[in-house]
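Notes for the one structure printed next.
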Amino acid sequence: MTEDATKETMPEETQASTVPEADPVALDEAETDPREAEITGLKEEAGRLKDQLLRTLAEMDNLRKRMEREKAEATLYAASNFARDILSVSDNMERALATAEADHLKEATQPVKDLVAGVEMTNRELLNVFERHGIKRVDPMGEKFDPHFHQAMFEVPTNDEPPGTVVKVMQAGFKIGDRVLRPALVGVAKAAG
């Protein structure tokens, strides 16, 4: 190749290498837009995931509280059926004690007096055990009739007590926690006339 040929080709190469580059500001904008879009997308995703995490944590906390409450209720009310069956034993002891009035005991022999004392102690201990397990006796004498805790067996016409007051308890009721185990069987006052 000759020198002239080299000179002729050189300007073409120089011209090719001197092609104006893209505007640097336009290049930066082109690069930052995808990055900013990606950052914005990641921030939105992080916000959604944070919200989901907080909701899951709140749900787990609510579940834990509900399980603790259900466990406490199950523990408290687990003996309900057994306690309901044992109530008849308590009732029978009270009936036995009611028949052994003080007047009759004066004439009774020592073994009979000891038997009555034993039944009284056993009944007291049974009621103490009930108390320890959250079972409380409901003796509503003189209280306002409450259909949630009392079962009206009859009405008593009287002016001595306001209408709707319990004037006679046929059988004491029992409750466990705030639930009725057995309603009290009662007589309720009504206006005489």
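Every read-out reported here was derived from the displayed coordinates using simple, explicitly stated rules and does not represent laboratory data. These figures come from a predicted structure and were not determined experimentally. Don't worry about glycine lacking a Cβ; one is built from the backbone with ideal geometry, like all the others, and counts go over all protein chains shown.
Consider all pairwise Cα distances in the range 32-158 and report the whole-number % of them above 23 Å. That fraction is 66 percent.
Say R0 is 41 Å: what FRET efficiency, to the nearest 0.05, do ALA98 and GLU68 get from their beta-carbon distance? Efficiency for this residue pair is about 0.40. Hey, got a sec? Which GluC sites (Glu not before Pro) in the range 88-193 land in a DSSP loop and have at most 14 other Cβ atoms within 10 Å? The qualifying sites are GLU101. Taking 16 Å as the straight-line reach from the Cα of LYS168, the lysines in range (excluding those fewer than 8 positions away in the same chain) are LYS144, LYS190. Counting Lys and Arg as +1 and Asp and Glu as -1 over every other residue whose Cβ lies under 11 Å from the Cβ of ALA184, the net charge comes to +1. Across the range 136-193, counting alpha-carbon atoms alone, Rg and Dmax equal 11.3, 40 Å.
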